[in-house]
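The values are calculated or read from the model by the stated rules, or taken from the named source; none is laboratory data. The structure presented is a predicted model; accordingly, all values stated were derived computationally and were not measured. Cβ: placed from backbone, ideal geometry, glycine included. Neighbour counts: every protein chain shown. Areas reflect the complete protein model, heavy atoms only, side chains present, ligands, DNA and RNA absent. Shrake-Rupley method; radii C 1.70, N 1.55, O 1.52, S 1.80 Å.
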Amino acid sequence: VAPTTPVCEVPSSAMTGTVVQMSCKETEGSPPSEYQWYKNGVALLEKTGAGSARAANITYTMNKKSGTLLFNTVTKNDTGEYFCEASNGIGLSQKCSVKRMQV
């Protein structure tokens, strides 16, 4: 079963240095969807190891299975427009509407 449009939860604003968790979920897809987050239209990289993440200045953890995007400490650089995409290899992938977070 192809995924439906996911529901995204993105805070509209956050204080610098706080923990922010965004979530993305859809329930129709079978097999279960994997989720990919985008910031300003660019796919966010999945954190693979501490070394590469530090090099790329990645301050978040993205879980493709649960759809969560977790920022341990947000910075002004994390301000932007976020959306996520659900896909399970069946039918078209589905995106939620873009939401802006201001840090």
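Give me the percent of the accessible area of the chain that comes from carbon and sulfur atoms, probe 1.4 Å, all protein chains in place.
Working: 3130 of 5800 Å².
After summing per-atom areas, the C and S share lands at 54 percent.
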If I measure Cβ to Cβ between cysteines in the chain, which ones have no partner under 4.7 Å? none
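Subtracting the Cα-Cα distance from 0.36 nm times the residue separation, let me have the gained length for Lys25 to Ile58 in nm, one decimal.
9.6 nm
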Across every pair of different alpha-carbon atoms, what Kirkwood hydrodynamic radius in Å does the chain reach? 13.9 Å
Here segment 9-15 yields Karplus 3J(HN,Hα) values (6.51, -1.76, 1.60; θ = phi - 60°; whole Hz; Gly and Pro given as x) of 10, 10, x, 6, 8, 8, 7
Cα-based Lys proximity count in segment 7-101, under 16 Å, for pairs eight or more positions apart or on separate chains: 13
Got a sec to turn the phi values of segment 30-36 into Karplus ³J(HN,Hα) couplings, 6.51 cos²θ - 1.76 cosθ + 1.60 with θ = phi - 60°, whole Hz, x for Gly and Pro? 9, x, x, 6, 9, 10, 10
Pairwise FRET efficiency - Met15 versus Leu92, Cβ, R0 = 35 Å, nearest 0.05: 0.40
Between Thr73 and Val7, Cβ-based FRET efficiency (R0 22 Å, step 0.05) works out to 0.30
